[in-house]
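K.L.:
My structure is below; once you've seen it, I'll send some questions.
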Amino acid sequence: MTIKTIHVWDVPTRLTHWLLFLLVTAAMVTGLSGGNLMEWHGRIGLGILGLLTFRLIWGVIGSTYARFHQFVRGPAAIRAYLRGDWRGVGHNPLGALSVLALLGALLLQTASGLIANDDIAFNGPLYPLVTSALSGEASALHREFFWLISGLVGLHLGAVLFYTLGRGKSLIRPMLTGCVVVDDSAVPAATGGGWLALIIAIAGAVLVVWLASGGMLTATPVHSVPSW
């Protein structure tokens, strides 16, 4: 048996992971607090959207183990993992489902927040583009999804604790160092995801945040259409 240490998680993937953790936590705190913190809640939401956009692009053009096609598998891989027959590095098949669920829920949450309102003084940056009724529905969805995201985050943390304490396999250390120890000399280290890919992903994230913040907002508000 050959034991070696290989590089799995690139710096952009690790930074995105930890920044998402910090911003989602901050979004929960400011959202629950309300009041003057709602302005910060909106800014944090745009930051989360930027990170999500970056991660989606990086999942296509990033390094080996950050790419979706590498870790998103079908039912057969999930069954093999549950039987204990799966071997690999990076996200396991169940972990991949967790990643997709979190990304999807956060995307829906940030999208709804763009047109939501708090019935007091805060409106999402794209609120002028929708009717009051649609904004109200988005606001209700935004509030309900808070609990879904809280549950998904709780499951994610629970899985980390389970693997760390129950199986003696830390999932935190690789996300800090980027490296894992493997017992198969044939397992390759991560490659790809160079500077050009990084620039493209950052540019895409900046563009989406600019658009979401109302950068091209020229339409007449439709939530206050005259009654005549």
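K.L.:
Starting from the coordinates of the alpha-carbon atoms of region 50-149, obtain the Kirkwood hydrodynamic radius over all distinct pairs and give the value in Å to one decimal.
P.N.:
Taking the inverse mean of 1/r over all distinct Cα pairs, region 50-149 comes out at 15.7 Å.
K.L.:
Please give the contour-minus-distance gain from Leu141 to Ile120: 0.36 nm per residue of separation, less the Cα-Cα distance, rounded to one decimal in nm.
P.N.:
Answer, rounded to one decimal: 5.8 nm.
K.L.:
Follow-up question, since we're still on this one. In a solvent-free Debye calculation with one equal scatterer on each Cα, what is log10 I(q)/I(0) for the chain at q = 0.13, 0.15 Å⁻¹, listed in the order of the q values?
P.N.:
The computed values of log10 I(q)/I(0) come out as -0.85, -1.05.
K.L.:
Okay, next question. Rounded to the nearest 0.05, what FRET efficiency is calculated for Asn36 and Met216 with R0 set to 22 Å and r the Cβ-Cβ distance?
P.N.:
0.20
K.L.:
Using 0.36 nm per residue of separation minus the Cα-Cα distance, give me the extension gain between Thr25 and Val206 in nm, one decimal.
P.N.:
Net length gain for the segment: 63.0 nm.
K.L.:
Sort the following peptides by mean Cβ neighbour count (other Cβ atoms within 10 Å, averaged over residues), highest first: 91-103, 186-198.
P.N.:
So the order, starting with the most tightly packed, is 91-103, 186-198.
K.L.:
Find the accessible area per residue for the chain; the probe is 1.4 Å, ligands and nucleic acids are left out, and the unit is Å².
P.N.:
57 Å²
K.L.:
Here's something else I'd like to know. What percentage of the solvent-accessible surface of region 1-138, computed with a 1.4 Å probe over protein heavy atoms, is contributed by carbon and sulfur atoms?
P.N.:
68 percent
The values are calculated or read from the model by the stated rules, or taken from the named source; none is laboratory data. Remember, predicted model here, so these are calculated numbers, not experimental data. Cβ atoms come from the backbone with ideal geometry, glycine included; neighbour counts cover every protein chain shown. The area values use the complete protein model at the heavy-atom level, side chains included, leaving out ligands, DNA and RNA. Shrake-Rupley method; radii C 1.70, N 1.55, O 1.52, S 1.80 Å.
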